[in-house]
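Working notes for the structure below.
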Amino acid sequence: MKMHEIFLYLAIILFLARLFGDIFNRFGVPSVLGEIFVGILLGQSVLGIIQINDIIKILAEIGVILLLFQVGIEADIHQLKKVGFSAFIVATIGAFTPMALAFFVSCYLLDLPFLTSLFIGGTLTATSIGITVRILEDLKKMKERFAQIVLGAAVLDDIFGVIVLATLFEFSKESSIHIDKIFKLILYIATFFLLAPILAQFMAKFIKILAEKLATIDFIPPTILSMVFFFAYLSHKFGSPEILGSFTAGMALSRRFVIPFATFLKPDEKMTEKIEHSINPLVWVLTPIFFVSVGLQLDLKAIDFSSLHFWGLAVSLLIIAFVGKIISGFFVKGSIQEKLSVGFSMLPRGEVGLIFAEFGRMSGLFDSLIYAVVIFVVAITTLASPIMLKMLLKKS
């Protein structure tokens, strides 16, 4: 693809994403749905004008990395600590309940192959943390207790998803699972989360000192961005998703995050404000590309809506996809509204589910029918979550 065509596609994506995002918002629908709709409209599902490509994928990944860095900076660390156990319960139940149910139904009731059933279950394990965070930010609920539970649970859910995908990938190649490799992966991820905040604060302090020596504030934005990308890289090398590295870096630079016995490392208020002012415009520009890319990856034309076999399988998995996530909210304290808000916040599978689906298709485990069903379930859970949360939270 020629470079001038990429510029044209980006011009279309950015303009329509903002336009439809604002139009949807005017009608009381979260703007993230407008951005995903633009992707569906422009992509292979409807007009076929724009194909997902490496450049759009990279910009989309940068967008969601910066979004999670921003969320990390604004995170209420004390609240996250308070709801840590609740977040773990929500993540565990929300990840493994739909996986177990989908595997059982696929293998024993629908008579699908064992490994195919495992991958279907793995697809329903996922929660798209980027979509979840954006929905709660659009609804201005990110500071509430249930949202902090969701944030912690979504981070853990992404880690579970990586472990499940790595395990299934190994099983599909060797027809066996090596427990030592799984524990090594868990150990690497745990080590990263223990050491990354310390390293992030050291780097931020070093950047601040250099900026003061150079007597310029222009030094801070690009070097902080460099740090975010570096932590995304480190996170990947330790076996966890890149977005979790940027979230950890942001959390380490937040106003309320203090490392015991190392309070001298904590960035001051002015430093944090400069970082936020530098990052926010980039988030506003690049994050919509991520949500448009989710829509671009959906291929709704692959779905044969006239097939009874399709509907039987789709409805079965859709019920599991909803119930498996929503039930997780009922294991935390709070009102029915809060419990349902937690459950529906964990619902969208988004790009994470699409990664599982694409892997299943490329490995030959998903035929065209199962692939279409999985895409359908991913699409419905992604689109339903903002609508249901808007209905639940509009009166609060």
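Of all aspartates and glutamates in the structure, those lying under 20 Å Cα to Cα from Lys184, and not within fewer than 8 positions of it along the same chain, are Asp157, Asp158, Glu170, Glu174, Glu242.
A probe of 1.4 angstrom, applied to the heavy atoms of all protein chains, finds His4 with accessible area near 120 square angstrom. Computed from the Cβ-Cβ distance with R0 of 25 Å, the FRET efficiency linking Phe88 to Met391 stands at 0.35. For the residues Tyr371, Tyr188, a 1.4 Å probe over the protein chains yields an accessible-area ranking, largest first, of Tyr188, Tyr371. Using R0 = 35 Å, the C-beta based FRET efficiency linking Asn53 and Asp111 works out to 0.35. Placing a label point 7 Å from the Cα of Leu308 along the Cα-to-Cβ direction, no residue of the stretch 341-377 has a backbone N closer than 14 Å.
List, in the order given, every pair from Lys143/Lys325; Lys140/Lys213; Lys141/Lys325; Lys140/Lys205; Lys205/Lys333 whose Cα-Cα distance in the structure shown is over 27 Å. List each step's numbers first, then the result.
Working: Lys143/Lys325 22 Å; Lys140/Lys213 39 Å; Lys141/Lys325 19 Å; Lys140/Lys205 31 Å; Lys205/Lys333 39 Å.
Pairs exceeding 27 Å: Lys140/Lys213; Lys140/Lys205; Lys205/Lys333.
Extending 7 Å from the Cα toward the beta-carbon at both Phe171 and Glu5 defines two label points whose distance is 4.1 nm.
Cα centroids of the stretch 317-396 and the stretch 176-236: how far apart, whole angstrom? Centre-to-centre distance over Cα atoms comes out at 31 Å.
For a straight C-alpha distance cut-off of 13 angstrom, no aspartates and glutamates are reachable from Lys301 once same-chain residues fewer than eight places away are disregarded.
Label zone of His236 (point 7 Å out along Cα→Cβ, amide N under 12 Å): in the stretch 37-61 this covers 58-59, 61.
Over all orientations, the stretch 318-370 has a Cα convex hull whose mean projected area works out to 4.3 square nanometres.
The figure for Asp54 is an accessible area of roughly 110 square angstrom, using a 1.4 Å probe on the protein chains alone.
The percentage of C-alpha pairs in the stretch 1-89 whose separation is greater than 19 Å is 56%.
How many percent of the alpha carbon pairs in the stretch 12-59 exceed a separation of 19 Å? Intermediate values should be presented prior to the final figure.
On the way: 291 of 1128 pairs.
Value for the stretch 12-59 (Cα pairs over 19 Å): 26 percent.
Inter-part distance, the stretch 5-43 to the stretch 86-153, computed on C-alpha centroids, equals 26 Å.
The three principal axes of the Cα atoms in the chain give end-to-end lengths of 69, 49, 47 Å, sorted in falling order. Computed on the Cα trace of the stretch 101-145, the radius of gyration divided by the Kirkwood hydrodynamic radius gives Rg/Rh = 1.31.
The values are calculated or read from the model by the stated rules, or taken from the named source; none is laboratory data. None of these values were measured; they are calculated from a predicted model. Here the Cβ is made from the backbone with ideal geometry for all residues, glycine too, and neighbour counts use every protein chain on show. Ligands, DNA and RNA are stripped out before the accessible areas are found, and what is left, the full protein with its side chains, is counted by its heavy atoms. Shrake-Rupley method; radii C 1.70, N 1.55, O 1.52, S 1.80 Å.
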